[in-house]
Amino acid sequence: EVFPKGLYDSFISLGTSINLENLYGPTEATVYSSYFSTNELTTHSSIPIGKPLDNVELLVLDSYNRLLPLGVIGELCIGGSGLSQGYINRAELTSEKFIVHPFKEGERLYRTGDLARWLEDGNLEFLGRIDSQVKLRGFRIELGEIENQLLGYPSIRDVVVNVVEQNQDKHLVGYYVSETSIDSSELRSFLRGKLPEYMLPSYYVHLDALPITANGKVDRKNLPNPTLDIGDHYVSASNEIEETLVKIWSDVLAIEEDLISVERSFFELGGHSLKATVMMNLILRDLNTEVPLREVFHYNTIRSLSDFISRQSKQMYLGIEMGESLAYYPLSSVQRRLHFIYNLDKTSLVYNMPQTIGISSSITKDELEVVFEKLIERHDSFRTSFEFLKGEVVQRIHPEVDFSIEEYAGDDIDAVMSDFVRPFDLSKGPLLRAGLLRLPGEESILLIDMHHIIIDGVSLELVKTEFSDLLSGTELSLPRLQYKDYILWQQSSLYQSKLGVQREFWLSEYSDLPKVLELPLDHSRGSIRDYSGDSKVLRLSKESTESLRLLASNIGTTLYVPTLAILNILLSKLGNQEDIVVGTVVSGRDHADLKDIVGMFVNTLALRNNVDGSLSFMDFLASVKART
C-alpha cells in the first residue's frame, strides 16, 4: 500500500527513535523488491519506494518495452533472482505478465502494472496503478501524479483523486484529509504551478478520513459526490445580463445557479474550450450578442463578460427549424470531404470510430439489441446511407434498417477487434455495427464501430449517455432536430451569405499554394500513402510550463497560441522554409440548436503562418494570435 506523507508526519510527531522504512514489492517477485529509509527524506513531496534490494533489477519501461529517462512515468518492471515461475494453471496470464527481458538474453521481467518514475536522487517514486490512468477530454492522466502533488500541501495528510461523472460530463475530483477545510481556489493555485491545466481537479472535497475497504484499501466506490465549494467569495448577479449569464453557465456547467459567483472564472468552475463554444452559442440565442472565443478567455467571469456584452451591438438570433421530409438530402460540407476521401480508398479504416465498453455478463444480447434499435429509431444518422444520383452524391434516410449484434468468445481482445473493425460500405446502412465479447467471469465487452461520416466525438458522448439511460429503462423524449435539419439549414440564404465571407477568406489565404514541407527523413518517402505512425510525448519542466503559461496570460490567450507559434518555428527550421501550414480540429457546432444533434460537425482548419526570420519572437507570436 502507498505510504502517505501525512502518516509519516504523524509518526515523526511521536518523537520516537524508531527508524522507519518503506518497502515495496509484489508477491510475484517474492514480496520485497525495493526499500527507502525515511532518514534520507529531504524535499520529497511523497515517500519514495527507494532503490532495488540485492539481486533485484528495477526498470521503468514504456508500452514498447523501451527504457524511460529520469522523471518520465512508465510501468515498473522487476527482474532478478526473486521472480516466481508464474501463475499455477494460468499460462496466458503468465506469458502476459512475465515477459522476455528486452536487454538480457535468457532472463525475464515481471510487469507489475504499477506506474513509477526515477527521481534525481536515484530513488523511485510510486504513482499508482496503470488502471488508474484515465482519459479525459483527449488527455491521458495519471491520477497518482495529481495525488502526489496534492500531498505536498502542508496541512494535507491523505489524498485520493477520482473521476466523477455528473450531468453527462466527467470531472476530476480531489478528496483530501486535513484538520480543517481548505479553500478550493487556494488548492487550485497551489497545483497550478506543478501540473498542466487539464490535470487540475474541478472540485475539492474535504474529508475527516478516506473510506477504506475491509482489506485496508481506499474504497473509491464510497467516496461522496462533490458539491461546488462556494468559499468566502460568493457574489450574486447585480443586473439582468448577469442573471441571464448565471442561467447559461448553470446549463453549460451543470451547476446550480445559487452556487455560481459572478466573480469566479468559467474555467475554475469546470469549463473548457468545448463548453465555451456552447456558451457562446447560448449567449447569441439569449442575449443577441456574438462573443468571439478569444473574448471568452479574456472576460472569463460573469462580471467582466457582462460588461463586455453591454458594450456590443445586438444581433438577431434565428433558430434552426425542422426541415421538410425528402427522398434524398444533399451532404453537409464536412460529409462531402469525408465521402471524397472514402472514394480514394474504400478499404481504409482511417475514419472508423471503434469503441469498447465493459458491461455485466448478466445483460443479454436481446436486451442490448432492443437498446440499439431504440437509438437507431431516435437518430436519423444511424439510418443513413450514401449513393450517387444523376452524378451527384446524396444521402438517404431509411425508415428502418436491419441490425443485429455479432457475438464473440475468448479473451484475446486484440484478435477480436481485428476481426470486428473492418471497412464500411457507405452505400449500405446502418453505418453502425456492434459486437458482444463474452469473457470468462462476470464481465463482457461491448464492441461498437461507426463511420465518422455519421457521428463525431460530441455525438458519441451524447449517444453513450442515452445508451446508459435506455439500458436502465429510462424513457427519453424524441429529439426536436435531426442532422437533415442542419443540412437544410446549411442551404439557407442566410447561412450561405455567412459562408461566403468565410469562403472569400480561405480562397484568399490559399490563392497561392504552399510548398510541401520537406522534413529531414531517414528513409525516402513512399509513393503510396501510409497511415502507420507513432505518438511522441515531450514533458516540459515546471519552470518551462510556468513561463509558457505566463507568456500566454500576458498576451491574453491560452497555451495553444504560444505552443502553435513554437511548433511553426520548429517546422520552419527543420524544413528550411518560412511558409508553414498546421492542421487543427474544431467542433463545428456554431449554433445553439446543434448541441444535441447526432451527426458529423467536426471541421479541420489549415492554419497558415509565415515564419519571417526578421521578426522578433514576440512580434511573430502577436501575428499567430491575430491569425488564429
Given backbone amide H placed at 1.01 Å from N, residues whose amide H is under 5 Å from that of Gly80, ignoring those fewer than 5 places away on the same chain, are Glu57, Arg108
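Mind sorting Phe126, Phe403 by how few other Cβ atoms lie within 10 Å of their own Cβ, fewest first?
Phe403, Phe126
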The residues Val235, Val334, Val561, sorted from fewest to most surrounding Cβ atoms within 10 Å, come out as Val235, Val334, Val561
Once Ser418 and Tyr328 are pulled to full extension, the length gained, defined as 0.36 nm per residue separation minus their Cα-Cα distance, is 29.0 nm
Between the Cα axis of helix 240-253 and the main Cα principal axis of the chain, the angle (0 to 90°, nearest 10) is 60
Scalar couplings 3J(HN,Hα) for region 390-405 by Karplus 6.51 cos²θ - 1.76 cosθ + 1.60 (θ = phi - 60°), nearest whole Hz, x for Gly and Pro, are 6, x, 10, 7, 10, 10, 10, 9, 7, x, 7, 9, 7, 8, 8, 8
For region 1-136, averaging the sequence separation of alpha carbon pairs under 8 Å that lie six or more residues apart and dividing by its residue count, the contact order in percent is 21
Looks like region 495-627, by Cα gyration tensor root eigenvalues a ≥ b ≥ c and the a/c under 1.5 rounded cutoff (else prolate when a/b is bigger than b/c, oblate otherwise), is rounded
Fewest to most Cβ atoms within 10 Å: Ile73, Ile341, Ile320 sort as Ile341, Ile320, Ile73
Phi-derived 3J(HN,Hα) across region 42-58 with the Karplus relation (6.51, -1.76, 1.60, θ = phi - 60°), rounded Hz, x for Gly and Pro, is 10, 9, 5, 7, 9, 7, x, 8, x, 10, x, 6, 4, 6, 10, 10, 10
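So what is Rg over Rh here for region 240-310, counting just Cα atoms and using Kirkwood for Rh?
0.89
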Dipole check, the chain, charges on Cβ (K,R +1; D,E -1), about Cα centroid: among Gln482, Leu207, Val393 the Cα furthest to the positive pole belongs to Val393
Amide H proximity to Asp158 below 5 Å, modelled H, separation 5+ or other chain, gives Val177
Whole-Å distance linking the alpha carbon centroid of region 80-140 with that of region 579-628 is 40
Taking only the Cα positions of region 270-365, the convex hull volume per residue in Å³ is 263
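Over region 240-310, what is the relative contact order in whole percent, taking alpha-carbon pairs under 8 Å and six or more residues apart?
38 percent.
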Taking Cα atoms only, helix 617-627 is inclined relative to the longest principal axis of the chain by an angle, in degrees rounded to 10, of 50
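For the peptides 46-58, 571-583, what is the packing order when you average, over each peptide's residues, the other Cβ atoms within 10 Å and list the highest mean first?
Listed from highest to lowest mean packing, they are 46-58, 571-583.
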Between Ile88 and Lys170, the two model label points (7 Å from Cα along the beta-carbon direction) sit apart by a distance in nm of 3.8
Diffing region 266-282: the Karplus 3J(HN,Hα) column from phi (6.51, -1.76, 1.60, θ = phi - 60°), in whole Hz with x for Gly and Pro, holds 3, 7, 5, 8, x, x, 8, 4, 5, 5, 4, 5, 4, 4, 4, 5, 5
Beyond 22 Å (Cα-Cα) in this structure, taken from Lys194/Lys625; Lys5/Lys51; Lys314/Lys498; Lys498/Lys595; Lys135/Lys247; Lys542/Lys625, we find Lys194/Lys625; Lys135/Lys247; Lys542/Lys625
At the level of C-alpha centres, the distance separating region 264-328 and region 424-499, in angstrom, is 25
Correct semi-axes for region 143-292, from √(5λ) of the alpha-carbon gyration tensor and rounded to whole Å with the largest first, are 31, 15, 14
Net charge (Lys, Arg +1; Asp, Glu -1) of residues whose beta-carbon lies under 11 Å from that of Asp425, Asp425 excluded, is +2
Region 30-189, convex hull of Cα, quarter of hull surface, nm² -> 12.7
For the chain, the Cα gyration tensor yields equivalent-ellipsoid semi-axes (√(5λ), largest first, whole Å) of 43, 33, 28
Neighbours of Tyr110 by Cβ distance under 9 Å: Lys/Arg at +1, Asp/Glu at -1, summed charge +2
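Where a number appears in this text, it was derived from the coordinates with a stated rule and is not lab data. All values derive from a computational prediction rather than experimental measurement. With ideal geometry, Cβ positions are generated from the backbone for all residues, glycine too; neighbour counts draw on all protein chains shown.
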